[in-house]
Structure formats: C-alpha cells, structure tokens
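Shown next, in structure tokens, is the structure this report addresses.
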Amino acid sequence: MSEASLIGLLAATVSFGALLYLAALGEMVSEKAGILNLGVEGMMAMGAVSGFMAALEFGNPWLALLIAVLTGAAVALVHGWFTVVLGAEQVVSGLSLTILGIGMAAYLGKNAVGRPPGAVLAPVDWPVLSDIRWLGPVLFRQSPIVYMAVAVGVVAWLVLSRTRIGLALRAAGESASTADAAGHSVVGLRLGAVAVGGGLAGASGAYLTLSITPQWAEGITAGRGWIAVALVIFGAWRPGRVALGALLFGGTLALKTRLQTFGVDFSPILLSMLPYLLTIGVLVAISIRSRNRPSPAPAALGIAYRREER
Amino acid sequence: MTGAGVLTTGPAVELLGIWKRFPGVVANAGAHLRVERGSIHAVLGENGAGKSTLMNVLAGVYRPDEGEVWVEGAAHRFRTPADALAAGIGMVHQEFRLVPSFTVAENVVLGAAGRLLRRQAIEDEVAALADRFGLATQPDRPVWQLSMGERQRVEILKALWRDARILILDEPTAVLTPAEADELGAVLRRMADAGRSVIFISHKLHEVTGFCDEATVLRRGETVAASLPVAETGAAELASLMVGASPVTTGRPPPHPPGEPLLEVTGLSAVGDRGLTAVDAVDLTVRAGEIVGIAGVAGNGQRELCQVITGLRPSTGGRVSLAGVDLTRASPRTRFRAGLGYIPEDRLGVGLAPRLSVVDNAMLRTYAEHRRGPLLVADRAAAHCAELVERFSVRTGSLDDPIAGLSGGNLQRLLVGRELSEHPRVVVAAQPTRGLDVQGVKFIQDLLIAERGAGVAVLLISEDLDELLTLADRLLVMHDGRIVGEFDPNTAARREIGEAMVGHVRASGDGPSRPDPAGEGP
Ligand SMILES: Nc1ncnc2c1ncn2[C@@H]1O[C@H](COP(=O)(O)OP(=O)(O)O)[C@@H](O)[C@H]1O
Ligand SMILES: [Mg+2]
C-alpha cells in the first residue's frame with residue numbers, strides 16, 4: 001500500500017467522519033431533549049438536494065449551505081409538530097419523515113440530476129499546517145464543513161454541560177414533568193432541539209452535494225443517516241464519544257470504496273455492517289452496565305409529554 | 001399582578017370554588033382553601049379525595065375548569081407551572097420531580113440558574129443553602145443514589161432555592177421514617193416562623209396534630225371543613241371528618257385454628273433496584289386459613305419481598321415453597337399454576353395492562369383456557385369477563401374499552417376478582433385497599449376474610465396499621481429488609497409495633513414480640 005493511498009484513506013476517514021458527526025450530533029441533541037427522530041436520512045436527503053439546487057440558483061456555496069440547514073430544520077419541525085405538539089408516536093413519525101424526505105428530495109431534484117454544481121465548498125489550505133507531512137493532507141486540507149463540524153461538536157458539548165439551557169434541555173429528555181415543574185417550556189425546548197437536529201442533518205446532506213461528491217443523484221445519502229442514528233447510541237449520547245465513533249464509522253465508509261485498490265480480500269458488504277454490529281455490541285454493554293445505575297440513554301426518550309395526563 | 005410587597009394583609013392563598021374534572025372522575029367539586037401567612041396549614045383527606053389535584057391547580061400544573069386562585073391578595077390564572085413559580089409558589093410533588101441522573105445541585109438549580117453553570121460554584125451555593133435550613137445533603141451526589149428521605153430534602157431545597165413564599169408538600173411523610181418526619185416538622189416550623197406559608201398534605205393525623213396550625217378537610221373533591229384550628233379540634237374529629245358520616249368498618253374475622261403451612265419462605269434474600277440488599281434472610285410461614293400481615297414503613301423491602309415470592313425478582317438466597325413444592329426458581333406462570341395468586345401494589349402496570357380492554361385484562365392469567373387450537377375464542381373470553389364483572393360488582397362501561405378508564409376501586413375489584421376466581425391456595429396481597437373509597441375498602445377486606453375462611457393462606461402487606469390490626473391473625477414487622485418482630489394483633493400495643501417499624505426492637509418482655517424467626521408457629 002502506498003503512502004499516498006494511505007493518506008487518501010485517512011483524509012476520507014476524516015471527511016466521512018465529519019459527515020456522520022454533523023448528522024449524529026443533531027440527532028443527539030434531539031434525543032437529549034427526549035425526541036427520537038428516525039427521519040435523519042430524509043432530512044439529509046432534503047439538505048443535500050436543497051443545498052445543491054440553491055448552489056445552482058445563487059452560485060454561492062455559503063448561502064446554499066444556509067438554505068440546506070434551514071430546509072433540514074423545517075423538515076424536522078414537521079416531526080416536531082407531530083411528536084412534541086400532538087404527542088404522536090415518535091418512531092412512526094420519524095420513519096415517515098425518512099420516506100417523505102427521500103421521496104421529496106428525488107422529486108425536487110429531478111432536473112438537477114447530472115448537472116455540474118453551481119458552487120462548491122472547496123477544501124481550505126491552512127497556511128503552514130497543510131504542508132506538514134501526513135497531518136497536513138489528512139487534517140488541514142479539508143472542506144470548511146469539517147472544521148465547522150468540530151466547532152459545532154465543541155459548542156454542543158459546552159452548551160449541554162455548562163449552560164442553563166443545556167441543563168433544561170437534558171431535564172426535558174430525562175423527565176419532562178420535572179422540567180415542566182421547574183418552570184421550563186418542555187414544548188419549546190423539545191421543538192428547539194428537534195430543529196437543531198434537522199439543521200445539522202441538513203448541513204450533513206449539503207456537505208455531500210457541495211463538497212464530497214458535488215452533484216445530485218437520487219439516493220446519494222446511501223443510508224448514512226441511519227449510521228448517524230446508530231452512532232448516537234454507539235457514542236452513549238456524549239459529544240466526545242460520538243466524535244470518536246464518527247471517525248471509526250467514517251473509516252469503514254472510506255475503506256469500503258478502497259478495499260479493492262488495496263487488494264484486501266474482504267467483503268465490502270460485511271464492512272458496511274460493521275457500524276451496526278459495533279452499535280449492537282455497545283447496546284449490550286450499556287444494558288449490562290446499567291443494571292444497577294441509570295442507562296446513558298435519556299430516560300424520557302420517545303415519551304410524549306402532556307401536562308395533565310398521568 | 002403579584003401584590004408586590006404592598007399588600008401585606010390578607011391570606012397567603014385563597015382558592016375559591018375549584019372544579020376539576022378528569023375523564024370519568026370529578027377530582028375537585030367546588031373545593032375551597034384559605035391559608036394564612038406564616039402558618040402551617042394541613043390539607044387532609046382520604047386517598048382520592050382530590051388533595052393532589054387541588055394543589056396541582058395552585059401550582060399551575062392543572063388548569064381548573066372553574067374557580068378562582070388568589071395569592072397574596074391578587075387573583076391569578078396560572079397557565080403553566082412557571083406562572084405559579086413566579087407568584088412565589090413552590091410544590092414538592094407526591095411523585096418527586098427530580099432527574100435521577102442529575103446531581104443534587106443540578107436538580108436544585110434546574111429552574112433558576114445563571115446562564116452559565118459552574119459546577120463547583122453551584123454545589124457550594126446549594127451546600128450553603130442546605131446548611132442555612134439545617135437540611136443535610138451532598139450536592140455532588142447523583143439523585144438516583146439517594147434514599148427517599150434525602151430526595152425529599154432535595155425537593156425542599158429546590159423550593160427554597162427559588163425563595164418560594166408558599167411551599168406545598170404533597171404527602172411528604174409517606175416515604176419517611178417517623179424520626180425523619182419529626183425532623184421535617186421542625187424544618188417546616190422554622191420556615192413558617194420566618195414568614196413563609198406551608199401547605200402540608202397528609203392523611204396521618206398525628207403529624208397534623210403534631211405540627212400544623214390549621215387544617216382543611218377534603219372529601220370526594222369537596223371541602224367539608226375549612227381552616228379548623230388543629231389544637232382545639234383534635235384528631236378524633238378530624239378523622240371522622242375525613243371518612244364521612246358512615247364509616248363502614250370490617251369486623252375482626254372470627255378466630256379459628258389455622259391449618260397446615262402453605263407458603264413457606266426460608267432465608268430469602270434479594271437485591272433491590274439500586275443494587276443493595278433489599279430483602280435480608282426473611283423467614284415466614286403462612287398457614288391455610290390464616291392472614292399474616294406485614295407492617296413497615298414504605299421502602300423497607302416489602303415491595304421486593306412480594307416480587308421475590310411471586311417470581312418477579314430473582315432471589316439471591318433462600319427458598320420459597322408452596323404446599324411443600326419448591327418454587328424458588330419457578331417462573332411467575334408456574335407459581336400461578338401451583339396456586340399462587342398475586343394482588344400487586346402497582347395495579348395499572350403490574351396487575352393490569354392499561355390500554356388493553358376489560359376483557360383482555362380479565363383473561364390475562366387464563367387465556368389458555370379460552371382457546372381452540374391456536375386461536376382465542378372471543379365469546380368464551382367475553383363470558384368469563386362478564387362473569388367476573390358480575391360477581392365482583394365491577395362498574396364498567398363497555399367491556400371492550402381500555403381498562404384505564406375504570407376508576408381505582410373498580411380496577412381493583414376486577415384485579416382481585418381475576419386472581420381469586422382461579423381458586424388460589426396462597427394469596428399475596430400488597431396494599432390491596434390503598435386509594436379505595438370506604439365501600440371499596442370494605443369489599444376487598446371482606447373478600448380477603450372470605451378467602452381465609454375458605455382455607456386460603458393470605459400474606460397481606462399494608463402500610464395501614466389499622467387494616468393489619470383488624471385483619472391479620474399474626475403481624476410481622478419488616479425493617480431494612482428484615483423481619484424484626486412478630487406481634488399478636490389482639491394484644492400488641494401500637495407503640496411497640498411503631499418502635500419495631502423504625503428498627504427499635506426490644507427483647508420481648510411484656511408482649512409476644514419475638515425477633516427470632518425460628519420460633520414460628522405454635
Ligand atoms: N391526571 C389525572 N388524570 C385522570 N384522573 C386523575 C388525574 N389526577 C387525579 N385523578 C383522579 O382524581 C381523583 C382525585 O385524585 P387526587 O387529587 O390524586 O387525590 P388525593 O391526592 O387526595 O389522593 C382520583 O380519582 C384520581 O384517580
Ligand atoms: Mg395525592
């Protein structure tokens with residue numbers, strides 16, 4: 001294996017890692033507030049298509065990214081309306097969102113298939129740093145979205161663990177009646193978290209069509225939204241661990257397309273299963289460990305809250 | 001809106017004509033309440049009288065259908081708990097509002113923290129607050145590790161942290177030992193002396209007479225007596241106000257010699273939810289035609305003991321047998337088939353499936369009898385259910401509606417009926433009359449007495465000492481997972497039983513108190 005192809009692999013690992021991390025962070029924020037959103041794949045698809053089409057329309061990649069974020073948030077709020085406001089079953093609503101999002105993205109993007117991108121978020125070359133051997137090409141010649149993902153991760157961690165609103169948001173996910181009795185708006189907190197989750201999934205989708213493979217094709221998200229959902233569990237709802245998991249799972253995505261070039265005789269299908277197998281392993285570990293202590297999953301995850309109901 | 005310091009006269013709280021209806025129940029029917037400033041005001045009433053509902057109205061959790069809420073001289077229409085908090089009302093709910101995975105300090109500051117949280121700083125502040133009010137606590141411990149008494153102090157700290165001028169405590173002593181309850185009384189008195197008003201919900205009369213100034217009594221959602229001066233009224237009158245005009249009581253069952261031992265438990269141990277020993281080497285025997293009562297302060301292993309006997313919790317040692325058959329490792333189903341009936345404490349949850357229909361719930365234990373091949377025969381199941389409903393006077397709407405719509409008393413009638421109609425040889429009854437109205441209590445108690453007469457062995461776990469003293473042939477006291485004493489309900493003094501309940505066991509002198517379990521039976 002040549003040095004160049006190994007560097008390529010590592011750079012792709014970081015890039016795919018960031019893609020997964022954005023979506024997983026969003027899902028984590030939503031779940032921390034108690035709302036399971038299985039619509040990540042659909043929100044990603046909507047972000048991907050809206051970002052690509054906005055780039056075609058306006059020619060500005062940053063504006064395109066912003067539109068993708070807003071689209072993701074708007075789609076997520078559909079889920080929010082059903083689950084938070086109306087108290088509908090979260091799994092059903094989330095799955096519908098996935099199907100709806102993928103279908104709608106395909107419909108909206110019909111005319112964009114095969115067209116060259118209107119704008120791309122080109123990799124930035126960090127002065128000095130990008131010339132470091134190994135590290136430079138792997139870490140410092142990435143798309144700006146990668147650095148944004150890192151920043152968002154740090155911000156999410158800070159907000160969740162060090163601020164009043166983060167504490168309130170976690171309380172809404174652990175025990176909504178407690179957050180309510182303490183004077184917080186459970187509906188507001190949960191809707192906000194769901195919208196943030198959708199925005200980040202939208203950004204993740206736009207990263208695909210504005211940077212990784214700057215074009216639109218139906219099914220471009222290729223199940224990565226589901227990996228993001230698994231990643232939240234794998235990372236035990238902690239931003240740092242989710243980041244590690246994102247790199248690991250990103251590595252499997254990067255490796256999949258390169259197995260042949262490396263001449264490794266390993267089935268890419270088995271490799272795609274790896275994130276899910278690892279997640280199941282973590283689930284088992286979590287349930288063994290949480291026999292005598294609370295599980296790391298938010299205790300009120302998936303449970304609708306209505307104040308006057310017992 | 002709030003009488004911002006200007007209106008210093010008038011009561012702290014005034015509730016007028018409060019109505020609150022839930023599907024199928026009227027929880028408050030024109031209730032009223034007036035609480036003076038700087039006083040401790042008791043709200044008394046039986047389970048289901050509407051005390052919690054009324055307090056939730058005052059705390060902004062429930063919106064009343066009708067009625068007025070006045071706080072410190074100003075009318076309010078609370079839309080959310082936040083509104084009530086802003087008006088200076090703090091409530092310690094009957095089911096605690098705490099996040100188990102948060103630390104004590106995080107729970108305390110949850111509703112009112114600075115924008116940024118500095119862990120050490122909030123822990124210090126919470127520790128200082130706790131010191132000031134003499135509430136021992138450990139701000140950095142996660143709440144799930146705390147005992148119920150400690151959790152309650154966290155709840156009180158929450159209200160103090162927000163500087164609530166009006167503090168509502170909903171059945172605060174239900175989870176406390178008598179000593180802890182006395183301590184709480186002292187804390188509340190200090191708060192009242194400092195000018196805060198305290199509303200204290202309870203149905204334990206000696207606490208009300210012990211540290212409350214005035215009492216309001218609720219019955220079936222109505223105020224039947226308002227702001228009685230406790231000192232002049234006395235416990236006896238409060239009690240009769242609570243129960244109403246026609247206290248229907250069940251007489252002591254006639255004595256008769258018990259038969260052979262049916263339920264035998266030896267050296268039984270088990271671990272509780274928090275990973276600590278909850279049942280500690282328990283020995284007990286229940287004979288045919290005998291009711292054995294277990295008394296104790298809630299949380300001393302009674303729940304776990306029931307679960308281990310019925311197979312819902314694994315044991316870590318010891319033996320359970322029914323009529324000589326070892327059931328220690330048997331599944332709940334095998335135990336049921338062997339003749340073990342169970343009336344669980346948690347009716348809607350363990351006993352019944354809330355969203356299933358009345359018919360489905362009625363056949364949960366015996367669905368196998370209503371089948372033809374692999375298919376259920378709906379008619380047979382419905383007939384079985386109709387029979388139960390008839391025999392145990394369950395009042396229901398359609399039998400196909402979800403069972404959650406039934407009132408507490410009717411749920412219990414169906415559950416008890418389901419268990420007893422299968423002719424068990426041993427019945428484990430946990431809090432079988434809790435929360436029922438007087439008629440319901442009598443109905444269930446009479447059923448248990450009838451079972452005893454039919455030669456069934458009944459293990460009765462109850463927090464109601466009066467019930468135990470009336471029904472039980474023998475009374476065991478459980479403390480800290482152990483059986484710490486045995487009493488004869490005919491002769492035992494309540495004081496002695498009370499001492500045993502808090503773990504003060506005296507070597508038997510005058511009474512038949514006998515901590516050694518080896519000496520069971522005649
Ligand atoms: N959120 C609710 N939904 C439906 N019924 C309720 C609710 N809260 C209370 N109830 C019913 O209202 C009645 C009064 O309950 P509650 O106020 O809790 O009584 P108490 O606190 O005096 O024991 C009971 O019959 C209870 O089942
Ligand atoms: Mg109550």
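No lab work stands behind these numbers, since they all come straight from the coordinates. Predicted model only: the values in this text are computed from it and were never measured. Glycine also receives a Cβ, built like all others from the backbone with ideal geometry; neighbour counts cover every protein chain displayed.
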About the Cα centre, and with charges only on the beta carbon of Lys, Arg (+1) and Asp, Glu (-1), how big is the dipole of chain A? Nearest 20 debye, please. 640
Between the range A:218-281 and the range A:1-79, what is the separation of their alpha carbon centroids in Å? 15
With each label point set 7 Å from Cα along the Cα-Cβ vector, what nm distance links A:Val128 and A:Ala151? 2.0
If I fit a long axis through the Cα atoms of helix B:148-161 and take the longest principal axis of the Cα atoms of chain B, what angle between them do I get, 0 to 90°, rounded to 10? 20
Taking R0 as 56 Å, what's the FRET efficiency between A:Leu6 and B:Met148 from their Cβ-Cβ distance, rounded to 0.05? 0.45
Please give the length that would be gained between B:Val224 and B:Asp488 if that part of the chain were fully extended, namely 0.36 nm times their separation in residues minus their C-alpha to C-alpha distance (nm, one decimal). 91.4 nm
Where a label projected 7 Å from the Cα of B:Asp273 along Cα→Cβ would reach, residues of the range B:283-303 with amide N under 17 Å: B:298-303
Before rounding to the nearest 500, sum -39500 (n - 2.57) across all DSSP H runs of length at least 4 in chain B and divide by the residue total; then give [θ] at 222 nm in deg cm²/dmol. -9000 deg cm²/dmol
At 0.36 nm per residue, and after removing the present C-alpha to C-alpha distance, how many nm does the segment from B:Val26 to B:Thr209 gain when stretched out fully? 63.0 nm
Radius ratio Rg over Rh of the range B:11-243, counting only Cα atoms, Kirkwood formula for Rh: 0.96
Count the lysine pairs in the protein assembly as shown whose Cα atoms sit under 22 Å apart, keeping only pairs 8 or more residues apart in sequence or on different chains. 4
Summing -39500 (n - 2.57) over every DSSP H run of at least 4 residues in chain A and dividing by its residue count gives a helix-only mean residue ellipticity at 222 nm, to the nearest 500 deg cm²/dmol, of -22000 deg cm²/dmol
Output the 0 to 90 degree angle, nearest 10, between the alpha-carbon long axis of helix A:61-80 and the longest principal axis computed from the alpha carbons of chain A. 30
Only Cα pairs under 8 Å and at least 6 apart count here; give the relative contact order of chain B as a rounded whole percent. 15
What dipole magnitude, in Debye to the nearest 20, does the protein assembly as shown give about its Cα centre under +1 on Lys/Arg Cβ and -1 on Asp/Glu Cβ? 2200
Based on the Cα gyration tensor of chain A, what are the three equivalent ellipsoid semi-axes, each the root of five times an eigenvalue, rounded to whole Å and given largest first? 32, 23, 18
What is the spin-label model distance, in nm, from B:Arg252 to B:Ala239 if the labels are put 7 Å beyond Cα along the C-beta direction? 1.6
Under Stokes-Einstein, with the Kirkwood radius over Cα pairs standing in for Rh, what whole-number D in µm²/s applies to the protein assembly as shown at 4 °C and 1.567 mPa s? 43
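With contacts defined as alpha carbon pairs under 8 Å and 6 or more residues apart, what's the relative contact order of the range A:3-309 in percent?
The value is 36 percent.
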Under a point spin-label approximation (7 Å from Cα along Cα-to-Cβ), what is the A:Ala285-A:Thr163 distance to one decimal in nm? 3.1
Okay, which of the range B:309-352 sit inside 16 Å, backbone N to the point 7 Å along the Cα-Cβ direction of B:Ala281? B:316-319
